[in-house]
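**Q** The following block contains the structure, expressed as structure tokens.
The values are calculated or read from the model by the stated rules, or taken from the named source; none is laboratory data. Model, not experiment: these values are computed from the prediction. Ideal geometry is used to build each Cβ from the backbone, glycine not excepted, and the neighbour counts take in all protein chains shown.
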Amino acid sequence: MNRADTMGYIEMKAMRATIRDGITEMQLGAMLLLFGLVFSLAPPFGVLCGLFPLVLIPLGSFLKHRFAYPRVGYAKIARQPHAVRGIVIAAAAFLAVVLGTLGVFTLILGFDHGAALWLSHFFPALGGLFMAIGPWVVAQTYRLMRWYIFAALFVLGGICLPLLNIATGYEAVALESAIVGGLALIHGIILFLSFLRQHPSEESARASD
Amino acid sequence: MPRTRETMDAAVDLSGIDRLIHEPARLAILSVLRAFETADFLFLLKQTELSRGNLSSHLSKLEAAGYVDITKEFVAKVPRTLIRLTDSGRRAVATYRARMNRVLASL
């Protein structure tokens with residue numbers, strides 16, 4: 001490994017250190033789980049999902065300040081303008097694909113049958129693909145296997161749930177969101193607890209010296 | 001004789017290497033800072049695995065060269081030292097990295 005490689009390795013290791021505490025997984029997991037539960041159990045209250053980030057983002061920030069920064073230090077990742085542009089492009093592409101495929105289904109099968117089939121079997125797959133973008137971006141940025149797995153679960157869930165007749169349409173999107181969210185939350189809690197055990201706070205470390 | 005020409009170019013490149021950055025501990029500090037907008041002293045301490053005194057001394061040298069900017073602030077009455085790579089520091093690291101890549105490619 002030459003010096004330039006070493007620099008890249010140190011950078012990556014430092015970036016990974018900022019999400020080693022599991023708080024990001026807990027935030028994402030809780031958000032997806034709540035989103036899935038609300039849409040599965042009480043779809044009319046779906047608008048409440050807009051409030052989740054208002055609660056979960058400050059909660060994550062509190063956990064970072066209270067438990068993570070005193071143990072491993074504070075670092076703010078440099079702004080990545082490419083990421084914002086990528087998200088805008090992905091959202092526009094998603095909308096285009098949604099409208100395009102809906103158009104093709106209704107053209108070939110007629111409006112009633114085409115739209116119904118599109119919504120029951122094709123929409124969950126598209127939803128899964130769209131929801132996989134976030135974890136995929138995180139996985140690519142930090143080169144972390146677990147985030148690739150979350151992305152893959154979204155894609156697989158979107159395809160398999162309707163095909164296996166477990167759930168279709170909006171219900172399939174809500175169910176896959178709840179499943180991946182639950183897994184991410186459990187994983188985040190395990191990571192967080194192991195992080196606390198591995199990194200005693202500076203004060204307790206000094207007291208034990 | 002392309003090989004000789006490349007070797008001569010590499011020697012010229014090597015002579016222009018920024019020795020302030022080339023030192024392993026300072027290179028590690030700058031590599032960590034490159035990925036972040038800002039980082040505090042504790043974060044750098046954990047990532048570079050240097051001693052407090054050593055890190056402090058290297059940071060002073062980098063600050064004197066204008067490569068990093070060091071500020072102190074209080075968060076909930078606790079002092080925190082924030083370190084940021086300056087624009088000239090970022091340029092210097094990029095130049096160093098490109099030059100090292102050129103030199104290694106020609107060996």
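**Q** Residues that are away from every other protein chain (no Cβ under 14 Å) and of a type outside the set (Ser, Thr, Tyr): which helices (runs of 4 or more DSSP H) entirely in region A:64-175 hold 3 or more of them?
**A** Hits in region A:64-175: A:81-109, A:111-117, A:123-142, A:145-163.
**Q** Exactly one of (1) modelled with pLDDT of 85 or more; (2) at positive phi is unmet by A:Gly158. Its number?
**A** So A:Gly158 meets the others, but not (2).
**Q** Given region B:4-107, what strands (runs of 3 or more DSSP E) lie entirely inside it while holding 3 or more residues that are touching a residue at least 12 places away in the same chain (Cβ under 8 Å), out of contact with any Cys (no Cβ under 6 Å at 6 or more places or on another chain) and within 11 Å of another protein chain (Cβ to nearest Cβ)? Write out each step before concluding.
**A** On the way: elements: B:36-40, B:68-75, B:78-85.
Here the list reads B:36-40, B:78-85.
**Q** Then there's this: In this structure, is A:Ala151 under 30 Å from A:Gln80 (Cα atoms) and either in contact (Cβ under 8 Å) with a residue 40 or more places away in the chain or not acidic (Asp, Glu) (or both)?
**A** So A:Ala151 passes the test.
**Q** Still on this structure: Can you name every residue in region A:107-133 that is of a type in the set (Phe, Trp, Tyr) and surrounded by fewer than 15 Cβ atoms within 10 Å (Cβ to Cβ)? Reasoning before the result, please.
**A** Looking only at region A:107-133, we keep the residues that are of a type in the set (Phe, Trp, Tyr), and these are A:111, A:118, A:122-123, A:130.
If the condition is that a residue be of a type in the set (Phe, Trp, Tyr) and surrounded by fewer than 15 Cβ atoms within 10 Å (Cβ to Cβ), then A:Phe111 is the only one that fits.
**Q** Another question, then. Please specify each residue of region A:92-106 satisfying the condition of being β-branched (Val, Ile, Thr) and either surrounded by fewer than 11 Cβ atoms within 10 Å (Cβ to Cβ) or touching a residue at least 24 places away in the same chain (Cβ under 8 Å) (or both).
**A** Passing the criteria: A:Val97, A:Val98, A:Thr101.
**Q** So, in region A:2-58, of the ones that are outside any helix (DSSP H, G or I), within 14 Å of chain B (Cβ to nearest Cβ) and in contact with a helix residue (DSSP H, G or I) (Cβ under 8 Å, 6 or more places away or on another chain), which residue ends up surrounded by the fewest Cβ atoms within 10 Å (Cβ to Cβ)?
**A** A:Asn2
**Q** Hey, could you check region A:1-53 for residues that are of a type in the set (Asp, Glu) and closer than 30 Å to B:Arg102 by Cα and say which is modelled with the highest pLDDT?
**A** Among them, the one singled out is A:Glu11.
**Q** Looking at A:Leu183, A:Leu164, A:Leu156, can you tell me which residue is crowded, with 17+ Cβ neighbours inside 10 Å and either within 23 Å of A:Gly73 (Cβ to Cβ) or aliphatic (A, V, I, L, M) (or both)?
**A** On inspection, the qualifying residue turns out to be A:Leu183.
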